[in-house]
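Below is one structure; the comments refer to it alone.
The values are calculated or read from the model by the stated rules, or taken from the named source; none is laboratory data. Remember, it's a predicted structure, so these values are computed and weren't measured experimentally. For neighbour counting, all protein chains shown are included, and Cβ atoms are generated from backbone atoms with ideal geometry for every residue, glycine included.
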Amino acid sequence: MSTILFDLDGTLTESGEGIIKSVQYALECVGRPEHDRQKLRVFIGPPLKEQFMHYTGMSLEEAERALACYRERFSTIGIYENRLYDGIEAMLRLLSEAGHVLAVASSKPEPFVERVLDWFNIRSYFIEVIGATMDEKRTHKAEVVEEALRRLGIGEDRSDVIMVGDKEHDVFGARAHGIPCAAVAYGYGGEDELTHAKPLHIAGSVDELTEFLLEWGVGA
């Protein structure tokens, strides 16, 4: 039996539309409009306030205003501009039936993570759901993973724990705590980013990910 920590955006759900449209709304709110949605894919995954500052050169105060505008749209509209990747529910069922402990470890604020899982009727598969805090005190993936380990009561022996994500932040965040990461190429990170991050495995599809996790769990 193994413990599997899943990222949410780009791993379980295809959430790009809602995130990008909400980022566009936020940028317009602070007078920095961006009409090319492709450029805004960089906002999917990392902490948003820092990304606003990095992407546009905003001050901290501007970035906090942009984040508030983002949440205004995302919490009511963007959160539902989303879908489960094909095969995710079946994968979670198979892993649960095999006896693995499943949890979510996302950089999205925890209340939003809970709402997404409830919306898609998959919350019951996860023993714990860990996300960022709304006050931005816990945002980075390494901090989220640390909190996940604490809640799950996992100590120094982490030989049967694995992270699953689609971005380099997931790989690095897991590695900071001595945990391997299986990355998914169907998400938002891209093959080059993931290859550079050197995860334990890169899965090209949900079916491939399912097969890998079932086999990895047997040997963990």
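For segment 106-149, taking the residues that are over 21 Å from Phe74 (Cα atoms) and in contact with a Leu (Cβ under 8 Å, 6 or more places away or on another chain), the one that is surrounded by the fewest Cβ atoms within 10 Å (Cβ to Cβ) is identified as Ile127. Restricted to segment 47-65, and to residues that are surrounded by 19 or more Cβ atoms within 10 Å (Cβ to Cβ) and either in contact with a Lys or Arg (Cβ under 8 Å, 6 or more places away or on another chain) or in the same structural domain as Thr133 (by TED's automatic domain parsing) (or both), which residue is farthest from Gly187 (Cα to Cα)? Filtering segment 47-65 for residues that are surrounded by 19 or more Cβ atoms within 10 Å (Cβ to Cβ) and either in contact with a Lys or Arg (Cβ under 8 Å, 6 or more places away or on another chain) or in the same structural domain as Thr133 (by TED's automatic domain parsing) (or both), the one farthest from Gly187 (Cα to Cα) comes out as Met58.
Checked against (1) touching a Lys or Arg at 6+ places or on another chain (Cβ under 6 Å); (2) outside any helix (DSSP H, G or I); (3) under 14 Å from Pro46 (Cβ atoms); (4) not charged (D, E, K, R), Gly178 passes all but condition (3). Of the residues making up segment 185-193, at least one is within 24 Å of Glu81 (Cβ to Cβ) and surrounded by fewer than 16 Cβ atoms within 10 Å (Cβ to Cβ).
Within segment 101-175, which helices (runs of 4 or more DSSP H) (wholly inside it) include 3 or more residues that are among the basic types (Lys, Arg)?
Details: elements: 110-119, 141-152, 168-175.
Where helices (runs of 4 or more DSSP H) fall fully within segment 101-175 and carry at least 3 residues being among the basic types (Lys, Arg), they are 141-152.
Cβ-Cβ distances below 7 Å connect the following pairs, each with a first residue in segment 138-155 that is closer than 12 Å to Ile179 by Cα and in the same structural domain as Pro111 (by TED's automatic domain parsing), a second residue that is among the polar types (S, T, N, Q) and at pLDDT 95 or above, and a separation of six or more residues or different chains: Ile154/Thr3.
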